[in-house]
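My questions will all concern the structure given below.
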Amino acid sequence: MKLIDSHHHLWKYSPEQYGWISNEMAVLRKDFLAAQLRQIAQQSGVDGFVSVQARQTLAETDELLALAKEEPLIQAVVGWLPLADPSIDQILQRYADQPKLKGVRHVVQDEADDRFIMGDDFNRGVALLKEQNLIYDVLIFAKQLPASIEFVDRHSDLPMVLDHIAKPTIQADKWDSEWEKHFREIARRENISCKFSGVTTEIRDEHWTIETIRPYWDVALETFTPKRLLFGSDWPVCLLQTQHSDWLNLVRELASKLSDDEQAAFFGGNATRVYGLDN
């Protein structure tokens, strides 16, 4: 079974460039580059990775693409491009000869306006992605799901991936019912897939087990089905709560009741198809 980690990050750490990494995230305040990625691949048996932007600069996108040229494990890059820029047409043309640039992401979760994703300038840029065979990764908090449903409908012919199951607030004694309602609705759109990734960092309980996560897995699996659900680790951000290998083992346990074909799709086949890793 081919194992593709559909969501991880790389960075050469500096407090100026990665201001979102707070003092409480000390484990992340160091470099995570190709050497560390190879260690993770060896420990967890990962065959390939999708590298995703962690800061909103063209410089980082260029750095990830340069790393991908040198490191075969990096099979795709989801970079950042200034989608709302009036010259986004020309910027996209500059990246047209980058075969490993497979997608674009904006950190919508950090925007103060919960309806930012419906902005006209931003959507003009998003509409150009399909012409370049690029997909869009949707990074939001659960409260931004209503606007994101409108966004997905506006671009119904553009393949998209919802990151981190839309970041519900996870507590053992309180179910995020608002997340579930809107999550079920967005999953009805056939042009969007979903990454089961970044889940542990949304847990609010000091102590948690696989049973804390299982209800969210059940909803994600039911709504997106094994045909549109992708495994991802969100390494190294996951280190705030769990090791890469521990997360993989936990998800393998959650997915253990799936058929062999369904597991093959979830753990690698879907990412290969969605991001065009064979192209």
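Looking at Tyr18, Tyr95 in this structure, which one is over 25 Å from Cys194 (Cα atoms), modelled with pLDDT of 95 or more and surrounded by 15 or more Cβ atoms within 10 Å (Cβ to Cβ)?
Tyr95
Can you tell which of Gly198, Gly276, Gly269 is over 27 Å from Tyr13 (Cβ atoms), part of a loop (DSSP other than H, G, I, E, B) and of a type in the set (Gly, Ala, Ser)?
Result: Gly276 is the single residue among Gly198, Gly276, Gly269 that is over 27 Å from Tyr13 (Cβ atoms), part of a loop (DSSP other than H, G, I, E, B) and of a type in the set (Gly, Ala, Ser).
Please determine whether any residue of region 178-198 is touching a residue at least 60 places away in the same chain (Cβ under 8 Å), more than 29 Å from Asn249 (Cα to Cα) and surrounded by fewer than 21 Cβ atoms within 10 Å (Cβ to Cβ).
no
Here's another thing I want to ask about it. Take Phe151 and decide whether it is surrounded by 15 or more Cβ atoms within 10 Å (Cβ to Cβ), under 23 Å from Gly79 (Cβ atoms) and among the aromatic types (Phe, Trp, Tyr).
Yes.
So is Leu239 closer than 23 Å to Ala76 by Cα, among the hydrophobic types (A, V, I, L, M, F, W, C), in a strand (DSSP E or B) and modelled with pLDDT of 95 or more or not? Working first, answer last.
Details: closer than 23 Å to Ala76 by Cα: yes; among the hydrophobic types (A, V, I, L, M, F, W, C): yes; in a strand (DSSP E or B): no; modelled with pLDDT of 95 or more: yes.
Against the criterion (closer than 23 Å to Ala76 by Cα, among the hydrophobic types (A, V, I, L, M, F, W, C), in a strand (DSSP E or B) and modelled with pLDDT of 95 or more), Leu239 does not qualify.
For region 38-55, name all the residues that are under 28 Å from Val138 (Cβ atoms) and in contact with a helix residue (DSSP H, G or I) (Cβ under 9 Å, 6 or more places away or on another chain).
Matches in region 38-55: Ile40, Ser44, Val46, Asp47, Gly48, Phe49, Val50, Ser51, Val52, Gln53, Ala54.
Next up: Any idea which residue in region 123-143 is nearest to the chain's Cα centre (by Cα), counting only those that are part of a loop (DSSP other than H, G, I, E, B) and more than 17 Å from Ile165 (Cβ to Cβ)?
Taking region 123-143 and keeping what is part of a loop (DSSP other than H, G, I, E, B), we get 128-129, 133-134, 139-141.
Imposing the further condition that a residue be more than 17 Å from Ile165 (Cβ to Cβ) reduces the set to 128-129, 133-134.
Working: Leu128: 21, Leu129: 17, Asn133: 18, Leu134: 15 Å.
Ranking the candidates gives Leu134 first.
Please work out which one of (1) touching a residue at least 60 places away in the same chain (Cβ under 8 Å); (2) more than 30 Å from Ser259 (Cβ to Cβ); (3) not in a helix (DSSP H, G or I) is the condition Lys2 fails and give its number.
It is condition (2) that Lys2 fails.
Could you please let me know if Ser245 is hydroxyl-bearing (Ser, Thr, Tyr), more than 17 Å from Ser148 (Cα to Cα), assigned to a helix (DSSP H, G or I) and at pLDDT 95 or above?
In short, yes.
Now a separate question. Condition first: modelled with pLDDT of 95 or more, part of a loop (DSSP other than H, G, I, E, B) and touching a Ser or Thr at 6+ places or on another chain (Cβ under 7 Å). Now tell me which residues in region 162-188 satisfy that.
Asp176, Ala187
Name the residues in region 149-167 that are of a type in the set (Gly, Ala, Ser) and touching a residue at least 40 places away in the same chain (Cβ under 8 Å), would you?
none
Sticking with this structure for a sec: Would you check which residues across region 98-110 are buried (at least 16 other Cβ atoms within 10 Å of the Cβ) and under 19 Å from the mean Cα position of the chain (by Cα) and list them?
Correct list: Lys100, Leu101, Lys102, Gly103, Val104, Arg105, His106, Val108, Gln109.
Can you pull out the strands (runs of 3 or more DSSP E) entirely within region 17-122 that have at least 3 residues that are more than 23 Å from Ala147 (Cα to Cα)?
Per the criteria, 48-52, 74-79.
Considering only region 235-256, I want to know if a residue exists there that is closer than 19 Å to Leu162 by Cβ and surrounded by fewer than 21 Cβ atoms within 10 Å (Cβ to Cβ).
yes
Out of everything in region 201-236 that is in contact with a Phe, Trp or Tyr (Cβ under 8 Å, 6 or more places away or on another chain) and part of a loop (DSSP other than H, G, I, E, B), what residue ends up being farthest from Tyr275 (Cα to Cα)?
Once the filter is applied, the top-ranked residue is Pro236.
Look through region 205-223, keep the residues that are among the charged types (D, E, K, R) and at pLDDT below 95, and return whichever of them is farthest from Asp137 (Cα to Cα).
Among them, the one singled out is Glu206.
The values are calculated or read from the model by the stated rules, or taken from the named source; none is laboratory data. Since this is a predicted model, take the numbers as computed values, not measurements. So basically every Cβ, Gly included, is an ideal-geometry build from the backbone, and we count neighbours across all protein chains shown.
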